[in-house]
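The values are calculated or read from the model by the stated rules, or taken from the named source; none is laboratory data. What you see is a predicted model, and the numbers here were worked out from it, not measured in a lab. A quick note on method: Cβ atoms are made from the backbone with ideal geometry, for glycine too, and the neighbour counts reach across all protein chains shown. To get the accessible areas, we keep the full protein, side chains included, count just its heavy atoms, and leave off ligands, DNA and RNA. Shrake-Rupley method; radii C 1.70, N 1.55, O 1.52, S 1.80 Å.
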Amino acid sequence: MYGISSLYGDCVKKILCVLTVFGLLLLLFSHPAVIASGCSIGLSLWYTAVLPSLLPFLILSNLLTRTGMFHYLNRIYAPALSRIFRISEEGCYAVLLGFLCGFPMGAKVIADLVREKHISSEEGTYLLGFCNNVSPAFFLNYVCLSRLGYASVPWRFVLFFYLLPVCYGWVTRPFYRFDLTDSRVRSTKKQASMHRLDFPMLDACIMDGFSTITRLGGYIMLFTILAQFLKLLPLSSFALAFLGGLLEISSGIDAIAALKGLTSLGQTAWIGAVSAFGGLCILAQTKSVLEETSLSVTTWLAGRIILALLLFLLVQVPALRAVILPGCC
């Protein structure tokens, strides 16, 4: 009976796969203008924003991880972060880049640390829950100043936005068990056997950076095409904006900012939630950089959903809103 049900399930999957391929081909030939528009928007976003801002960090992070030189950086911030989150010194490096460099850099660093055996899979799983966030540069300039329309940076709201994942990481720490003693021993051995930088290693780091950034560009283009197809559906502007935010962070924020009749409080709550979640495009990118590791994207997804819901709900609390969003109606 089990064999028959398994065979039936495989047949259904194959049929759905074939139907999906034919459906995509049909859309490709029936709506070439929509495909071209989505490709143009996605490639422009990748070339002008993602490539110059993320590629240097990818290459540098690869070098620091493979040579083990990030241990020297850890001496600056690891004593504080390791006490707050009760993690290894190597894990502190993932926290730093995950908060500073944006999606999906945090997940990429965590995957590299697990792959190079600097941290355990259990510690990597814990870090995934809160260390892969939207970059401060994007949130300050694009979200707060450009789309929310603040005349100056709302530092209270920014601080609140990034304190949420910090609190989430601190609260969820007791649910994970990993031995920090083993991590310290492993750290000592790694520092004693640091690799010297040479051209073959540099070539490998550059190629890995370009490989990662190219895959990210493919996902961005795919989801911007899907976002363009959403506009063909007979849905309300609010539903289209919500689905756009679910798919891709930039197009979703643009659609919410363009909604008429939405109060400044509602706009802030929705755009903040979309920024915290990241969208299915970021989910696909995160899944991509976790390949060849035992890490699951489920932990990251659960953290993003919880953080987005918390931000959306907490912004509605009058007492808290008066502190983080003074003057917002």
Task: For the chain, size of Cβ-based charge dipole, Lys and Arg +1, Asp and Glu -1, in debye - done: 500 debye
TODO: Give the ranking of T67, T299 by solvent-accessible surface, highest area first, calculated with a 1.4 Å probe.
DONE: T299, T67
TODO: List nothing, just return the count: lysine pairs in the chain, 8 or more apart or interchain, with Cα separation under 25 Å.
DONE: 10
TODO: Taking the Cβ of N132 as the centre, find all other residues whose Cβ is under 9 Å away and add up their charges (Lys, Arg: +1; Asp, Glu: -1).
DONE: +2
Open item on the list: Can you give me the distance in nm between label points at I84 and L180, each placed 7 Å from the Cα along the Cα-to-Cβ direction?
Closed with: 1.5 nm
- [ ] With all protein chains present, calculate the accessible area of V12 using a 1.4 Å probe and round the result to the nearest 10 Å².
- [x] 50 Å²
Task: Protein-only accessible surface order, largest first, of M207, M69, M221, M201 at 1.4 Å - done: M207, M69, M221, M201
TODO: Roll a 1.4 Å probe over the protein heavy atoms and report the accessible area of Y72 in Å², nearest 10.
DONE: 120 Å²
- [ ] Could you point to the residue in V274, L163, V12 farthest towards the positive end of the chain's charge dipole, with +1 and -1 charges on the Cβ of Lys/Arg and Asp/Glu respectively?
- [x] L163
Task: Surface accessible to a 1.4 Å probe, I41 within the full protein complex, Å² - done: 80 Å²
- [ ] Could you work out the local net charge near T224, counting Lys and Arg as +1, Asp and Glu as -1, over the other residues with Cβ closer than 13 Å to its Cβ?
- [x] -1
Task: Neighbour count of at most 13 Cβ within 10 Å plus DSSP loop: longest GluC sites (Glu not before Pro)-free window in the chain - done: 117-290
Task: Sites L265 and L159 - FRET efficiency at Förster radius 22 Å, r taken between beta-carbons, to 0.05 - done: 0.75
Task: Accessible carbon and sulfur surface of region 202-295 relative to its total accessible area, %, 1.4 Å - done: 69 percent
TODO: Round to the nearest 0.05 the FRET efficiency obtained for V18 and Y77 when R0 = 41 Å and r is the Cβ-Cβ distance.
DONE: 0.20
- [ ] Mind checking region 134-183 for trypsin sites (Lys or Arg not before Pro) that DSSP puts in a loop (not H, G, I, E or B) and that have at most 13 other Cβ atoms within 10 Å?
- [x] R177
